[in-house]
Amino acid sequence: MGLKELPNAEKGKVVLRFAPNPNGPLTLGHARGVTINSEYSKLYEGKVVLRFDDTDSKVKPPIKEAYGWIESDYEWLTGKKPDIIVKASERMDIYLEYAEKLLRDDFGYVCKCSAEKFKKLRDDSKECPCRSKSPLENLSHWKLMNDGTFDEGDAVVRVKTSMDLPNPALRDWPALRIQHSEHPMVGNKYKVWPLLDFQSAIEDYEQGVTHIIRGKDLMDSTRKQTLLYAHFGWDYPETLYWGRVKIHEFGSFSTSGMRKDIENKKFTGWDDPRLPTLRALRRRGFDSDAMRDFWIDLGLTQKDISVSLQTIEAFNSSKIDERCERRAFVRNPELLKFDNSSELITSLSIKRHPMGQIEGERIWDLNDKRIYLEKNDIKETKIRLKDFADIRILDDMVQLESYERSDKRKIVHWLPVSMAKNSILTIPKGDEIIIQKGMIEDFELKKGDIVQLERVGYAIIESENNSSIIKLLWLHG
RNA sequence: GCUCGUGUAGUGUAGUGGUCCAUCAUGAAGCCCUCUCGAGGCUUCGACCCGGGUUCAAAUCCCGGCACGAGCACCA
């Protein structure tokens, strides 16, 4: 299907942006913004600005390391670096200058009302007393805000729109407020910080952004910013929206919530496999192309949607299957031995990939006549050992019946003892972690490789190449 | 309360007046193939929120409901 055309887009002249708060790494929710913006940029040979909206050091404080995390998450997902990277915190002088201009132009004022008091006035469409101050007076209060004389909460700068606007959200909206908390990038240099609506508006203009694609929860932002643009005589970028996304298995994505849970040791870190962060998904073996295909397939609509992880997994399987070698993984292994009447060949060779997408074979040594089978599979007495032979089960002994397939009996995976290595499969399930012990086929197990455990599903090898116990992390079925 | 947005199969999505007894993907069920419960192939299931109106003709336009969601933060 693909993405629809962007309105008023000229090839080579499109500038888009993706603006996360660096208060954690990117999540699955951010992936939509990254994908949509980068795909459009590719389509129109445009540019993407990665902008760190780090203007709040109090409610959602930035994490110093997160800037780097986000850059690498972005690069992983799109396969390239953003064209331009800016941090709001290093552009503060520009924002403050525009704020001052706002006051000089009498298009803004320093409001000393409490938030509650202003809310009441606004709901009644009444002007607050601060609104009638002269630019000169505002400028002198502005100075007091910036030099630290005014304390946090003492004053905000508002954009003078109109108190009669039908939409209460747009009435004299707040543009800057005082924060004395230390900022991880610039310390205590600034006392006054812009709010999103102001900072974002100015920066989009400064960067020459032509198209803004954002969540529809920001529709009122567009309206507020359009008012500001009109005052400055600028043209507002084309704006498109997406609706809210939920993934069944994860619920919503709250970076602050995850941060708290990690601090409380509920999760081991940002790459805990239970988390919907990009780094957790990448660690588990999700393919970035599959992830992109998924978001492109959803497209850009304003509908609130709730999709299943299964859909992403289907995209992922189709991307990774052809490069995943097969391995046997016997859960809850039972040791059985061929009886004396069974004459066995001494070695077996099995394809690395059933369709031959991967050249070569796995060689199994069969000199030891003991094998592992899954407890569940030996409930039946006549089964076929996959790629090997039909057998009959007699208590803890097995008897070779035929190498050729002689009937329609069930085909099961198995492992000769000589090829079996202890293994632990970690399966994230909701907030839980399930540990599944088993025997893994000891054949070229390379750290970081994703294998398909036959009849089980995909998993990634997490332990070093010669570990005595192989650690596997579950990807999906 | 005010403002805004969205409503097509279980889940997503295509479709902007006839070519739609509605597309594709995913899902479920079944079959074929394959020495995996994987991959591939095939079949089936399943939807235009409701009510009016305009029109020869409406998923598509208009009006009115209803449902869901969002904004009204000195968060982003």
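The values are calculated or read from the model by the stated rules, or taken from the named source; none is laboratory data. Since we're looking at a predicted model, the values are computed, not measured. Using ideal geometry, Cβ is built from the backbone for each residue, glycine included, and neighbour counts are taken over all protein chains shown. Please note that ligands, DNA and RNA were not included when accessible areas were found on the heavy atoms of the full protein model with its side chains. Shrake-Rupley method; radii C 1.70, N 1.55, O 1.52, S 1.80 Å.
With Cα atoms as the point set, the radius of gyration and Dmax of segment A:265-376 evaluate to 20.9, 69 Å. Summing Lys and Arg as +1 and Asp and Glu as -1 over all other residues whose Cβ lies under 10 Å from the Cβ of residue A:337 gives a net charge of -1. Dipole magnitude for segment A:324-477: computed about the Cα centre from +1 point charges on Lys and Arg Cβ and -1 point charges on Asp and Glu Cβ, it is near 320 debye. Would you list, by chain and number, the lysines whose Cα falls below 22 Å from the Cα of residue A:447, excluding same-chain residues fewer than 8 positions away? Partners within reach: A:319, A:351, A:421, A:437, A:471. Excluding residue A:305 itself, what net charge comes from residues whose Cβ is under 15 Å from its Cβ, given Lys and Arg +1 and Asp and Glu -1? Charge balance in the 15 Å sphere: +1. For segment A:406-477 versus segment A:253-332, the inter-centroid distance based on Cα atoms is 19 Å. Annotation: average projected area of segment A:387-428 is 4.8 square nanometres, based on the convex hull of Cα atoms across all directions. Cβ-Cβ distance of residue A:76 and residue A:234, R₀ of 25 Å, FRET efficiency by 1/(1 + (r/R0)^6): the value works out to about 0.10. Scanning residues 5 or more positions from residue A:57 or on other chains, none has an amide H under 5 Å from its amide H, with H placed 1.01 Å from N in the peptide plane. Over segment A:324-477, one equal point on each Cα, no solvent: what is log10 I(q)/I(0) by the Debye formula at q = 0.12, 0.16 Å⁻¹? Summing over Cα pairs of segment A:324-477 leads to -0.51, -0.89. Helical content of chain A, expressed as a calculated mean residue ellipticity at 222 nm, amounts to -8500 deg cm²/dmol (DSSP H runs of 4 or more residues, -39,500 (n - 2.57) each, divided by residue number, nearest 500). Computed from phi, the 3J(HN,Hα) profile of segment A:403-416 under the Karplus parametrisation 6.51, -1.76, 1.60 (θ = phi - 60°) reads 6, 6, 6, 9, 7, 8, 4, 4, 9, 10, 8, 7, 7, x Hz, with x in place of Gly and Pro. Computed over segment A:421-477, the alpha-carbon pair-distance distribution with 10 angstrom bins reads 25, 60, 14, 1, each value a whole percent. Quick one: if you stick a label point 7 Å off each Cα along the C-beta vector at residue A:308 and residue A:140, how many nm between them? Spacing of the two 7 Å Cα→Cβ label points: 6.8 nm. Note that chain A presents 46 Å² accessible area per residue, ligands and nucleic acids not counted, probe 1.4 Å.
Under a 5 Å amide H cut-off, with hydrogens placed 1.01 Å from N, residue A:351 pairs with A:362 among residues at least 5 apart or on other chains. Sorting A:459-470, A:334-345 by their mean Cβ neighbour count within 10 Å, with the most densely packed peptide first, gives A:459-470, A:334-345. The spread of Cα positions in segment A:179-239, taken along each principal axis and listed from longest to shortest, comes to 36, 25, 18 Å. Summarising the amide proton neighbourhood of residue A:81: residues at separation of 5 or more, or on other chains, whose placed amide H is nearer than 5 Å comprise an empty set. In segment A:92-194, the alpha-carbon atoms span a convex hull of 95 Å³ per residue. 3J(HN,Hα) along segment A:364-377: 10, 8, 10, 5, 7, 8, 9, 9, 9, 9, 6, 3, 5, 7 Hz, from the Karplus curve 6.51 cos²θ - 1.76 cosθ + 1.60 with θ = phi - 60°, whole Hz, x for Gly and Pro. Remark: for residue pairs A:87/A:120; A:119/A:189; A:4/A:216; A:80/A:265; A:13/A:87; A:246/A:375, the C-alpha separation exceeds 26 Å in A:87/A:120; A:119/A:189; A:80/A:265; A:246/A:375.
The share of Cα pairs per 10 Å bin across chain A, counted from zero up to the longest distance, runs 4, 16, 22, 19, 14, 10, 7, 5, 3, 1, 0 percent.
Put simply, the C-alpha atoms of segment A:281-324 give a gyration tensor, and the ellipsoid matching it has half-axes of 21, 10, 9 Å, longest first. Taking only the alpha carbons of segment A:369-459, we obtain Rg and Dmax values of 14.9, 46 Å in that order.
Shown for segment A:92-194: the carbon plus sulfur share of the solvent-accessible area, taken with all protein chains present and a 1.4 angstrom probe, equals 51%. Neighbours of residue A:54 by Cβ distance under 11 Å: Lys/Arg scored +1, Asp/Glu scored -1, total +2. Projecting the Cα atoms of A:470, A:413, A:55 onto the charge dipole of chain A (Cβ charges, centred on the Cα centre) puts A:55 farthest toward the positive pole.
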